[in-house]
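Colleague: Okay, handing you the structure first.
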Amino acid sequence: MGGISVWQLLILLVIVVLLFGTKKLKNIGKDAGDAVKGFKSAMNDGEKDAAKSPQIASTEQNSSEASADELKVTKDEAQKKEAERS
């Protein structure tokens, strides 16, 4: 009694096709499919980035430690040169 029958769905489909046309419905379907494909691709890229982030963080930490050591050496060399000038 309250449900939609198959005939009612077919009539609704015919009305929608008459209103929008098959070409426009095809374009809407294509656009929706491309959007879903893009979303899935972005989700997969996000998962790959999340898996790589611990490796990147450790690499960045090692490079920052190396930079700090280089700065200490440079500072020590500058102090030695300044002491030699005096």
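Bear in mind that the values in this text are calculations on the coordinates, not laboratory data. Keep in mind the model is a prediction, meaning the values are calculated, not measured.
Colleague: Any lysines with Cα under 30 Å of the Lys37 Cα? List them, leaving off those in the same chain fewer than 8 positions away.
Modeller: Lys23, Lys24, Lys26, Lys48, Lys52
Colleague: Please list, in order along segment 17-24, the HN-Hα scalar couplings obtained from phi with the Karplus expression 6.51 cos²θ - 1.76 cosθ + 1.60 (θ = phi - 60°), rounded to whole Hz, x for Gly and Pro.
Modeller: Ordered by residue, 3J(HN,Hα) equals 5, 5, 6, 9, x, 5, 5, 5 Hz.
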